[in-house]
Amino acid sequence: MSFKVPEKYRVTTGQFRTTQEQHGNNGAFFIPTRPGRDPLRVIASDMGGWEHVSVSLPDQCPSWELMCKVKSLFWDDEDCVMQLHQPRSQWVNNHSFCLHLWRPTDGRVIPTPPQLMVGIPEIGTLV
């Protein structure tokens with residue numbers, strides 16, 4: 001279980017440039033999706049008790065598949081990370097097309113529901 005960043009996608013020039021040596025896992029990353037499409041814009045951090053990535057596109061929210069791609073780039077396959085729906089009183093929306101992934105760093109295990117509440121593995125993907 002480890003938070004890692006895809007160094008080959010790190011933004012190293014311009015206003016949002018960072019380096020692994022100076023900033024560790026914290027920084028901005030442009031992650032390609034498909035040819036001719038905008039890259040995912042990712043900001044990663046591992047401070048304040050949380051590993052966190054924000055993922056955005058300029059004109060739509062990232063799909064489940066794209067969020068899965070980001071999850072696999074920043075965490076191991078068996079790591080559990082979460083998207084949160086904060087209480088309405090804590091909502092902040094700085095970008096209309098941004099989603100977030102989170103994992104606590106203090107050793108807490110994220111609770112998960114029984115697998116059958118998510119789906120039935122034996123039937124596979126229906127659509």
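Taking each residue as 0.36 nm, the span from Asp79 to Met117 lengthens on full extension beyond its C-alpha to C-alpha distance by 11.8 nm.
Neighbour counts of C-beta atoms inside 10 Å place Lys71, Lys8 in the sequence Lys8, Lys71, starting with the fewest.
State which stretch of the chain is the longest one without any exposed chymotrypsin sites (Phe, Trp or Tyr not before Pro), exposure meaning a DSSP loop state and at most 15 other Cβ atoms within 10 Å. Let's see the in-between values first.
On the way: sites that count: Phe16, Trp91, Phe97.
The longest uninterrupted stretch comes out as 17-90.
Separation of region 52-99 from region 4-49 is 14 Å, based on Cα centroids. Kindly express, to the nearest 10 degrees and within the range 0 to 90, the angle between helix 64-74's C-alpha long axis and the longest C-alpha principal axis of the chain. Orientation of helix 64-74: about 60 degrees from the principal axis. Neighbour counts of other Cβ atoms within 10 Å put Leu66, Leu84 in the fewest-to-most order Leu84, Leu66. Note down the Stokes-Einstein diffusion coefficient of the chain in µm²/s, whole number, using a Kirkwood radius over alpha carbon pairs, 25 °C, and 0.890 mPa s. Reported coefficient: 152 µm²/s.
Since every read-out is calculated from the coordinates, none of them should be taken as a lab result. Note that the coordinates shown come from a computational prediction; the quantities given were computed from them, not determined experimentally. In this analysis, Cβ positions are derived from the backbone assuming ideal geometry, glycine residues included, and neighbour counts consider all displayed protein chains.
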